[in-house]
Amino acid sequence: MARDIIPFHQIAAFEAAARNLGFSRAAQELNVQQPAVSRQVAALEADLGAALFLRTKPRLTLTAEGEVLLKAVTGGFDALKAGLKEVRAMRQTQALVVNAAIGFTSYYLLPRLGEFQSMHPDIRVQVVTRDQNPDFDPGHSDIVVTFGSEAPPGMAARRIVEEEMLAICAPGYLGSRPPLTLEALAQEKLLHMSSEEHAGDWKRFFQGSGLVPPEPQGFERFNSFMVYLHAIQNGNGIGIGWRHLVERMIEAGSLALACDHSHNSGRGYFCSVTPRAEGRREAEEFLHWISGGAAST
């Protein structure tokens with residue numbers, strides 16, 4: 001019984017023989033021995049139940065069935081070439097998908113991204129934030145920015161910046177008071193992030209001082225960094241800021257330091273290239289930039 005699917009090597013052998021009107025030339029083109037081409041064509045003819053060539057000399061002659069099949073195969077090969085060309089073009093213009101938390105994206109990445117685009121105008125960058133997305137899959141991105149003590153395992157990664165924690169408040173929060181001492185700070189209304197990675201930030205900040213920050217009330221906890229930052233700017237209390245994220249706001253006067261003390265936790269932000277972008281030039285360029293040029297901006 002004839003098969004619906006023909007092995008590709010049989011089709012390739014037929015197409016080369018039909019185009020060259022000879023098994024020897026087809027074999028040279030396919031880098032195989034001439035008998036191998038003859039066998040593939042014979043197997044195809046047996047499967048179709050029709051002769052595709054008249055074995056004439058000095059050249060082969062296509063039969064009517066062979067003419068019909070050659071036309072169909074040529075059209076298929078043309079479509080395949082067009083598809084391959086389109087896929088290559090898509091790959092070349094495909095956006096580099098960068099996934100990061102909204103706070104890092106808003107206050108670190110976006111203000112610096114213009115520098116990268118100026119350096120690499122041929123690379124399109126698409127930034128996606130993942131906050132409060134339980135279904136987040138890093139495999140759907142090319143670059144993933146994460147926060148913690150180390151980068152996720154199994155991916156090429158570099159540290160972007162180390163975490164330096166600051167006590168920040170609204171510009172008018174302290175009034176005429178100078179920056180607070182740690183002892184005075186521990187008596188203030190302290191605002192907390194409730195996410196797992198930041199829930200203990202105030203304990204880290206006071207680490208080694210012997211001081212224990214007060215436990216937060218319900219209205220002093222925030223699960224969104226953006227809402228947390230707005231609460232600080234509105235004067236609702238003093239919060240934790242990360243120097244590389246908030247230093248521009250401090251310089252611009254939309255935030256102020258509540259205390260001169262800072263704390264380096266040993267944690268930081270890491271940039272990783274996901275498996276789907278491994279070896280991709282655009283991803284390597286971004287990784288090099290964000291772990292070097294951007295960090296020193």
Mind listing just one residue for me: the one in segment 25-62 that is assigned to a helix (DSSP H, G or I) and either outside the structural domain of G75 (by TED's automatic domain parsing) or polar (S, T, N, Q) (or both) and, of those, nearest to A72 (Cα to Cα)?
-> Q40
Return the total of residues in segment 8-24 being surrounded by fewer than 17 Cβ atoms within 10 Å (Cβ to Cβ) and in a helix (DSSP H, G or I).
-> 4
How many residues are out of contact with any Cys (no Cβ under 8 Å at 6 or more places or on another chain), assigned to a loop (DSSP other than H, G, I, E, B) and closer than 17 Å to R112 by Cα when one looks only at segment 268-293?
-> 2
If you go through segment 69-86 one residue at a time, do you hit one that is of a type outside the set (D, E) and either part of a loop (DSSP other than H, G, I, E, B) or in contact with a Cys (Cβ under 9 Å, 6 or more places away or on another chain) (or both)?
-> no
Conditions (1) over 30 Å from Q117 (Cα atoms); (2) of a type in the set (K, R); (3) at pLDDT below 90: number failed by K85 = (1)
Could you check, for segment 156-175, whether at least one of its residues is in the same structural domain as A100 (by TED's automatic domain parsing), surrounded by fewer than 17 Cβ atoms within 10 Å (Cβ to Cβ), of a type in the set (A, V, I, L, M, F, W, C) and over 19 Å from L257 (Cβ atoms)?
-> yes
Determine whether I160 is of a type in the set (V, I, T) and closer than 20 Å to A101 by Cα.
-> yes
Subset of segment 217-248 [part of a helix (DSSP H, G or I), surrounded by 18 or more Cβ atoms within 10 Å (Cβ to Cβ) and aliphatic (A, V, I, L, M)] = L229, A231, I232, L245, V246
Condition met for Q28 (surrounded by 13 or more Cβ atoms within 10 Å (Cβ to Cβ), free of Cβ contacts under 8 Å to residues at least 12 places away in the same chain and more than 30 Å from V227 (Cα to Cα)) = yes
Can we say S272 is closer than 16 Å to F147 by Cα, surrounded by fewer than 17 Cβ atoms within 10 Å (Cβ to Cβ) and not aliphatic (A, V, I, L, M)?
-> no
Working carefully through the options F116, F104, find the one that is within 17 Å of L245 (Cα to Cα) and surrounded by 12 or more Cβ atoms within 10 Å (Cβ to Cβ).
-> F104
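The values are calculated or read from the model by the stated rules, or taken from the named source; none is laboratory data. Remember, it's a predicted structure, so these values are computed and weren't measured experimentally. All Cβ positions, even for glycine, are placed from backbone atoms using ideal geometry, and neighbour counts span all protein chains on display.
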